[in-house]
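Working notes, beginning with the structure itself.
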Amino acid sequence: MMRLAVVVGAVALAVAPVPAAAVPAGDPVYEYAVAHPLDLAGLDRVSRQHTGAGIEVQLNGLAKPVTGTAAQEILDRRWAARKAGKNPADNLSVGFVWVGTVARGIWDFRDGFVGGVRPEDLSSVQLSLGCTRIKQTITRTYDYTNEQTPNAAYLYHGGLGTNAPISAVKDATSGHKMVTDHGVTDVILTRPRGCSKHGHGAQYTYEHNQGQSGFSASAGWGFLSVSYSGSGVHFQKGTDPSYKTF
């Protein structure tokens, strides 16, 4: 797998190899999450090994969080049941998981789905942070073989003043493969000095579109709002909120 990623912050955008600095120092659980973006069962196992507790995953269509192992089984059943020619929205599942202090949104299109056309899709993690701050936003994209695809996302809005960063995902097709078949948006958080332990909330939304000529977007707690010029197909999927104290 290539080791390139789109690394984005609230101030600047850069394309760089995935460096150690992009991973919370000494966190083997997040290191596993970076190396295995869709292996929720494995992430649950590694989290239990290193922290004594598994992960909880919010999936679209479910009111309550489930374990990483259960989330993996649910996603596998969804893709086994859904075939081409159904409602276009059936081709997408999304999820959210806390990986330590990293708020991670996940999207996954059905393998074989080819719907990557302009303009860009949008991936947004919406946060309730208190005194905690956003340190960095990283969006990584992959084709259905899990090959990482470089330069396929950029920061549309860093979340300054909204705590809801938005990444634009340049969905396209190459070699009969959708280069953004699945991916993650990680928001790395930091508590500044004087900011004591407290509760945090997060939820995730992904907007897919086909055929519009342009867009504008905004996000905040509980919403991702997108308007388009031109006509075409678009749909949105999201998760219920997830909460964690740290």
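Only the coordinates and a few stated rules stand behind these numbers; no lab work does. None of these values were measured; they are calculated from a predicted model. Here the Cβ is made from the backbone with ideal geometry for all residues, glycine too, and neighbour counts use every protein chain on show.
A few points about this structure:
- Label zone at R193, where the point sits 7 Å out along the Cα-to-Cβ direction: the range 129-155 residues whose backbone N lies under 20 Å: 131-135
- Listed peptides 119-125, 212-218 appear in the order 119-125, 212-218 once ranked by packing, highest mean of other Cβ atoms within 10 Å at the front.
- With R₀ fixed at 25 Å, the C-beta to C-beta distance from R48 to A80 puts the FRET efficiency at about 0.40.
- Zone residues, the range 222-240, relative to N87, backbone N less than 13 Å from point 7 Å out along Cα-to-Cβ: 235-238
- Correct option for Cα extents along the principal axes in Å [calculated from the coordinates] among (1) 62, 57, 46; (2) 53, 42, 29; (3) 50, 36, 35: (3)
- Candidates T51, T149, T205: whichever shows maximal mean-square fluctuation once the chain is modelled as a Gaussian network with Cα springs under 10 Å: T51
- Summing +1 for each Lys or Arg and -1 for each Asp or Glu among the other residues whose beta-carbon sits under 10 angstrom from that of E147 gives -1.
- Candidates G52, G199, G211, ranked by Gaussian network fluctuation over the chain, Cα under 10 Å, top entry: G52
- Computed from backbone phi with θ = phi - 60° and the Karplus coefficients 6.51, -1.76 and 1.60, the 3J(HN,Hα) list for the range 32-40 is 5, 4, 5, 6, 9, x, 10, 8, 6 Hz; x is used for glycine and proline.
- On the beta carbon distance between S225 and S174, with R0 = 35 Å, the FRET formula returns roughly 0.70.
- Within the listed set A33, A80, A202, the residue fluctuating most in the Gaussian network model of the chain (springs between alpha-carbon atoms under 10 angstrom) is A80.
- Translational diffusion of the range 53-160, µm² s⁻¹ [Kirkwood Rh, Cα pairs; Stokes-Einstein; 20 °C; 1.002 mPa s]: 135 µm²/s
- Here the range 97-198 is described by how far its Cα atoms reach on the three principal axes: 52, 24, 19 Å, from widest to narrowest.
- Formal net charge of residues neighbouring S174 (Cβ-Cβ distance under 13 Å; K, R +1; D, E -1): -2
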